[in-house]
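Here is the structure we will look at, set down as structure tokens.
Quick note: the coordinates plus some simple rules give every number you see, no bench work behind them. Nothing here was measured: the structure is a model prediction, and the numbers come from that model. Here the Cβ is made from the backbone with ideal geometry for all residues, glycine too, and neighbour counts use every protein chain on show.
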Amino acid sequence: MTAKKIASETLDFILASCKASHPHEFGALLEADGDVITNIIYLPGTTATDESVSLNTWMLPNMKHAGSIHSHPNGAIYPSEEDLIFFQAGDINLIVGHPYNRTSWKAFDRSGNKVSIEIVDYDFQDDLMDDEMDDDF
Ligand SMILES: [Zn+2]
């Protein structure tokens, strides 16, 4: 199922993470509950420079994910040629540009077409009981 929504708290966390990484790029995979993006999966092996995030490790074939998110410290909110190749690996791909606020991000599909993602309130209560979450935190 392709994600069409993002939890507002998750978006805020993503924006804060991008801001914290500035002037370097931030990159992670997206996790969805149904059609709502609820979490990001940060890969410790991801190397970031001011030029680009190393995308190779994101393409792990067995990794279940809803898509990707990465930041553009230069503020451009459109995919680079490299991005377009990488986007083919995930249904929804977010690009967050400097200054990392709620109006400086866009979502793209596998083909690099802009798609709209609705920001929604999401109840995280159930997830707190999740074993997976306990392992992560
Ligand atoms: Zn990019």
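Modelled spin labels at Ser80 and Thr103, positioned 7 Å past Cα toward Cβ, are 2.7 nm from each other. Between His72 and Val96, Gly97, His98, the built amide H atoms are under 5 Å apart, and every one of these is 5 or more places off in sequence or on another chain. Coupling constants for region 90-99 follow from the phi torsions by the Karplus curve (6.51 cos²θ - 1.76 cosθ + 1.60, θ = phi - 60°), and in residue order they are x, 5, 10, 10, 9, 10, 10, x, 4, x Hz; glycine and proline get x. Amide hydrogen proximity for Asn39: with H placed 1.01 Å from N in the peptide plane, the residues at 5 or more positions away or on another chain lying under 5 Å are Glu31. Legend: ranking of residues Arg110, Arg102 from fewest to most surrounding C-beta atoms inside 10 Å; resulting order Arg102, Arg110. Taking a sphere under 14 Å around the Cβ of Lys19 and counting the other residues whose Cβ falls inside, with K and R at +1 and D and E at -1, yields a net charge of -1.
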